[in-house]
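Colleague: Input: one structure, supplied below.
Since every read-out is calculated from the coordinates, none of them should be taken as a lab result. Just so you know, these numbers come straight off a predicted model, no measurement behind them. A quick note on method: Cβ atoms are made from the backbone with ideal geometry, for glycine too, and the neighbour counts reach across all protein chains shown.
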Amino acid sequence: MLKHPRSYPLAILRSILVTLAALLSTSLSQNPPASTSPQKPAPPLKVGVLARLGKKPDWEKLDVYQKTITRLEFQQLLQHNYLQDPQAAGKLIQILPDRVRVSKQSNLAEAGYYDLFFRTSDDEKIPAAPKIHRYWKPVTELRPSLQANRDLSDLHIVIDPGHIGGSFAQIEERWYQIGTKTIPVTEGDMTLKVAKILQQNLSNLGARVTLTRQNTTPVTPARTADLLPYAKKWLTRLPGTRKPSAFKLQHTAERLFYLSSEIRQRAALINETLKPDLLVCLHFNAEAWGNPRKPDFVEKNHNHILINGCYSLAEIKEDDSRLEMLLRLLQRTYYAELAIANEVSDSMRRITKLPPYTYTGNNAKSVNPNPYIWSRNLLANRIYLCPVIFLEPYVMNNRQVHARVQAGSYPGTRKMDRTYRVNLYQEYAHSVTAGLLAYFKKHRK
Ligand SMILES: [Zn+2]
């Protein structure tokens, strides 16, 4: 076989080089240098910033919302309602031309970002509008009510009577009593009384109504003692923090029990089992009363309704809260909450005659001209993943409210402060019922 005369020496050279390279590589792999240091273990991944008793978020929960919202709507909802300071989200939530880029772990850039793409005008040409993933039905998706006076049929409403009450009222610090012979004022017992009347009212109008609790037993199985180790971890989570005092540790564990753990357990029940169309959180408001056995009384008495929003930068830095806020935004709970709160505030104003409460700090913001409605981020109105209206009528340490608590659940009307009134609990429940009825009557097809 003839080879090209000039290629022959080149071929030999190439072959020698290949052989040498092969030998070198074999020798390296067979005889590793004796001086190699043992491999260093990878540094532990920095723990993310989470809310109390929060869990590391699963960003894939956003997958079902790809291309379901336009850039304009996303930006408006975020800036108008969800952010306390519209410019505050910075690098944590970056709005780019075609997507929003969300930091997966606020204290670790290497954890990366989640990209949620916006719906564009090209997507609008697809005839079927994107179905928004949510377990609740907005009013526009309800079937028309066919029966007279059953305007709430097909609706599942969950009522959350705020706090626990009973033997837990003192730990919760939602309790005061004058002397030993008067009826104690305990928010958790009072909200439960209202909840039971409201449940009856709304059921009569055709709704399926469930309460998150039927009595004054906590929903969470955890108790203060169980939460002491977590409390210790929480209090020393920042580098350089000193060992907390026994008092501070106990106080933190108590709050973890009656606030965080209790609300998270109710949320699990709501989001995983009940899956309602609407959540009504019942509370009574209070001004600082000092010593609960010698409370300070105030002249003020007022009402306001909270919807979810107004996240501070510190709250947006919590990885779980950031995801929860986005889930609410993408489910468009804001529109339902605002419209329902408008109707309910109107009926409450007419029936309770309470003036609006005004926030003076920056933990809540006004999002429409209604002076009764405030946007604020609370654990309950953030993690109950459906429209939530959070009611705060009556100041418990107002003298007239105290007198009405002492009067109890009397039937009919009684002269209270120069006017005939139904009892406090009925008045509260009826004022909410009237607003919900007005809303569903007006907006249901
Ligand atoms: Zn409360």
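Colleague: Using only the Cα atoms of segment 111-248, what semi-axes does the equivalent ellipsoid have when each is the square root of 5 times a gyration tensor eigenvalue? Give whole Å, largest first.
Modeller: Result for segment 111-248: semi-axes of 41, 33, 11 Å.
Colleague: Restricting to DSSP loop positions (anything but H, G, I, E, B) with no more than 14 other Cβ atoms inside 10 Å of their own Cβ, which GluC sites (Glu not before Pro) remain in segment 275-381?
Modeller: Those satisfying the criteria are E299.
Colleague: Another question about this same structure. Which cross-chain or sequence-distant (5 or more) residues have an amide H under 5 Å from the amide H of M416, H modelled 1.01 Å from N in plane?
Modeller: R421
Colleague: Under the definition of Cα pairs under 8 Å and six or more residues apart, what whole-number percent is the relative contact order of segment 59-124?
Modeller: 37 percent
Colleague: Follow-up. Relative to the longest principal Cα axis of the chain, at what angle does helix 246-255 sit, 0 to 90 degrees, rounded to 10?
Modeller: Rounded to the nearest ten degrees, it is 80.
Colleague: What number comes out for the charge environment of L50, summing +1 per Lys or Arg and -1 per Asp or Glu over other residues with Cβ under 9 Å away?
Modeller: Once all neighbours under 9 Å are counted, the net charge is 0.
Colleague: Moving on to the next point. Using the Karplus curve 6.51 cos²θ - 1.76 cosθ + 1.60 with θ = phi - 60°, what ³J(HN,Hα) values do you get for each residue of segment 369-381, in whole Hz, with x for Gly and Pro?
Modeller: Once θ is set to phi - 60°, the couplings for segment 369-381 become x, 5, x, 8, 9, 10, 9, 7, 9, 10, 4, 5, 7 Hz.
Colleague: What is the angle, in °, between the Cα long axis of helix 319-331 and the longest principal axis of the Cα atoms in the chain? Nearest 10 is fine, range 0 to 90.
Modeller: 70 degrees
Colleague: From Cα pairs below 8 angstrom and at least 6 apart in sequence, can you work out the relative contact order of segment 191-319, rounded to a whole percent?
Modeller: 22 percent
Colleague: Determine ³J(HN,Hα), in whole Hz, for all residues of segment 81-87 in sequence, where each value follows from phi through the Karplus function 6.51 cos²θ - 1.76 cosθ + 1.60 and θ = phi - 60°; x replaces Gly and Pro.
Modeller: My calculation for segment 81-87 gives 10, 7, 9, 4, 10, x, 9 Hz in order.
Colleague: Note the angle between two axes, namely the Cα long axis of helix 424-443 and the longest principal axis of the Cα atoms of the chain, as a number of degrees from 0 to 90, rounded to the nearest 10.
Modeller: 60 degrees
Colleague: Can you report the principal axis dimensions of the chain using only the alpha carbons, biggest first, rounded to whole angstrom?
Modeller: Dimensions of the chain along the principal axes of its Cα atoms: 121, 62, 36 Å.
Colleague: Which whole-number percent is the relative contact order of segment 139-443 (Cα, under 8 Å, 6+ apart)?
Modeller: This gives 23 percent for segment 139-443.
Colleague: Which whole-number value in Å³ per residue fits the convex hull of the alpha carbons of segment 59-124?
Modeller: 92 Å³
Colleague: Quick check: Cα centre of segment 394-430 to Cα centre of segment 281-317, how many Å?
Modeller: If you average the Cα positions of each part, the centres end up 20 Å apart.
Colleague: So, one more: Percent of Cα-Cα pairs more than 22 Å apart in segment 84-165, please.
Modeller: 61 percent
Colleague: State the antiparallel share, in %, of DSSP beta bridges confined to the chain, rounding to the nearest 5. Please list the in-between numbers first.
Modeller: Numbers: 17 of 38 bridges.
If I count the DSSP bridges inside the chain, around 45 percent turn out antiparallel.
Colleague: Further question on the same structure: Would you mind putting 73-86, 405-418, 160-173 in packing order, based on average other-beta-carbon counts within 10 Å, highest first?
Modeller: Highest to lowest by the protection proxy: 160-173, 73-86, 405-418.
Colleague: For segment 170-232, which trypsin sites (Lys or Arg not before Pro) pass both filters: DSSP loop (anything but H, G, I, E, B) and at most 12 other C-beta atoms within 10 Å?
Modeller: Those satisfying the criteria are K181.
Colleague: Tell me, how many Å apart are the Cα centres for segment 168-182 and for segment 95-154?
Modeller: 44 Å
Colleague: Still on this structure, I have one more. Could you pull out which residues in segment 270-284 have an amide N less than 19 Å from a spot 7 Å beyond the Cα of S203, following the Cα-Cβ vector?
Modeller: Within reach of a label on S203, which here means backbone N under 19 Å from a point 7 Å along Cα→Cβ, segment 270-284 contributes 274-282.
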